[in-house]
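Trainee: Provided herewith is a single structure, encoded as structure tokens, for subsequent inquiry.
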Amino acid sequence: MIWKGWSWMHARPGAYRFGTNLATRFRMLQPGKMGGWTQFRTSPKLAPKTLHEKLKERSQ
């Protein structure tokens with residue numbers, strides 16, 4: 001089911017942009033601790049801007 005959702009989202013540019021925009025805007029909801037992963041590593045953080053936003057700024 002996860003792979004079907006991934007496939008569906010990546011086949012539709014509008015849905016992909018919406019999803020990445022939503023994830024970027026709500027990055028503060030990302031958990032600070034991720035179980036055993038963060039015992040020895042720092043937790044990953046989402047970028048403040050999407051790759052598409054950065055490329056758009058760069059091309060202007």
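Trainee: Along Cα→Cβ, 7 Å out, is where each label goes; now give me the distance between the ones at residue 45 and residue 7 in nm to one decimal.
Mentor: Here the modelled spin labels are 3.6 nm apart.
Trainee: Specify which labelled value, from (i) 25, 19, 9; (ii) 30, 11, 5; (iii) 20, 15, 11, agrees with semi-axes √(5λ) of the Cα gyration tensor in Å derived from the coordinates of the model shown.
Mentor: (i)
Just so you know, all these numbers are worked out from the coordinates, no wet-lab data involved. The shown structure was predicted, so the numbers you read here are calculated from the model rather than taken from an experiment. FYI the Cβ positions are ideal-geometry reconstructions off the backbone, even for glycines, and counts take in every protein chain you see.
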